[in-house]
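Working notes, beginning with the structure itself.
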Amino acid sequence: MLVKEIISDSITTLKTSDSASLALSLMDEFKVSHLPIVNNVEFLGLISEEDILSLNIPDEPLGNHKLSLARPFINDDQHIFDAIRIFSELKLSILPVLDRKNNYLGIITIRDLIYNLSRIISLDNPGGIIVLELNQNDYSLTEISQIVESNDAKVLNLYVTSYLNSTKIDLTLKINKMDLTQVLKTFNRYDYIIKASFSEHQYLDDLKDRYDLLMNYLNM
């Protein structure tokens, strides 16, 4: 999924002539801690609530404020996984989106990112979860897929979790079967280490509850 598919224009942009107090008011209205400063279609920077409060001059124009962030943005033709990385690294509440000519197009919100990520990881599709522990050199997607498919099942989604200073990885598989018994037996037969497994009700209901709680929090 590309960034262009989840761009939002629902949040008002700021001008350099706008006051700090207006920026704080809009941040409170939209439940964000950052807002973009834009001149027509030129993205000038992202101002944070912390930037404004640190100066404590509410009537000062934003153009007089020094921005702590180095003009963070993402291009509309990048993947949303790139957006997740930027959000995580910079601890943002919104992320400006530009085209390849550096024209401002809109923003991505954390809420929209989480919602679309839930679609990518097949949250609404029934099935089960298997977590395998592997050495990095032993990871073969072909073999793992063949094991799953030999039991009349399909891999709906997978992701890898790596660990610092370790050659071990965790491979989490979402499979379109609620009964994982035969799939687990086959992995055992091939000497795979099964770190955890979850049925649809054990895992997906809990994951959906956590997702709903997070979305409710973001809407507060």
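The values are calculated or read from the model by the stated rules, or taken from the named source; none is laboratory data. Quantities reported herein were computed from a predicted structural model and do not represent experimental measurements. No Cβ is skipped: glycine too gets one built from the backbone with ideal geometry, and neighbour counts run over all protein chains shown.
Return yes when Asn116 is in a helix (DSSP H, G or I) and at pLDDT below 95 and no when it is not.
yes
Residue-by-condition table, conditions (1) within 18 Å of Tyr115 (Cα to Cα); (2) touching a strand residue (DSSP E or B) at 6+ places or on another chain (Cβ under 9 Å); (3) polar (S, T, N, Q); (4) at pLDDT 90 or above:
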position: Ser10; (1), (2), (3), (4): yes, yes, yes, no
position: Leu22; (1), (2), (3), (4): no, yes, no, yes
position: Asp28; (1), (2), (3), (4): no, no, no, yes
position: Leu35; (1), (2), (3), (4): no, yes, no, yes
position: Pro61; (1), (2), (3), (4): no, yes, no, no
position: Asn64; (1), (2), (3), (4): no, no, yes, no
position: Ile74; (1), (2), (3), (4): no, yes, no, yes
position: Phe81; (1), (2), (3), (4): yes, no, no, no
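Any residue that is in contact (Cβ under 8 Å) with a residue 40 or more places away in the chain, closer than 30 Å to Ile193 by Cβ and surrounded by 15 or more Cβ atoms within 10 Å (Cβ to Cβ) - is there at least one of those in segment 93-110?
Among the residues of segment 93-110, not one is in contact (Cβ under 8 Å) with a residue 40 or more places away in the chain, closer than 30 Å to Ile193 by Cβ and surrounded by 15 or more Cβ atoms within 10 Å (Cβ to Cβ), which makes the answer no.
Taking into account only those residues within segment 1-31 that are surrounded by 16 or more Cβ atoms within 10 Å (Cβ to Cβ) and polar (S, T, N, Q), which is farthest from Val41 (Cα to Cα)?
Among residues in segment 1-31 that are surrounded by 16 or more Cβ atoms within 10 Å (Cβ to Cβ) and polar (S, T, N, Q), the one farthest from Val41 (Cα to Cα) is Ser19.
Given the residues Ile175, Ile86, which is the only one that is of a type in the set (A, V, I, L, M), out of contact with any Ser or Thr (no Cβ under 7 Å at 6 or more places or on another chain) and surrounded by fewer than 18 Cβ atoms within 10 Å (Cβ to Cβ)?
Result: Ile86 is the single residue among Ile175, Ile86 that is of a type in the set (A, V, I, L, M), out of contact with any Ser or Thr (no Cβ under 7 Å at 6 or more places or on another chain) and surrounded by fewer than 18 Cβ atoms within 10 Å (Cβ to Cβ).
Filter segment 155-191 for residues that are part of a strand (DSSP E or B) and of a type in the set (Lys, Arg); which is nearest to the chain's Cα centre (by Cα)?
Checked segment 155-191; the qualifying residue nearest to the chain's Cα centre (by Cα) is Lys174.
Can you spot a residue in segment 21-39 that is in contact (Cβ under 8 Å) with a residue 40 or more places away in the chain and more than 22 Å from Leu98 (Cβ to Cβ)?
yes
Looking for something out of contact with any His (no Cβ under 8 Å at 6 or more places or on another chain), aromatic (Phe, Trp, Tyr) and either closer than 30 Å to Glu29 by Cα or at pLDDT 95 or above (or both) - is there at least one such residue anywhere in segment 168-189?
yes
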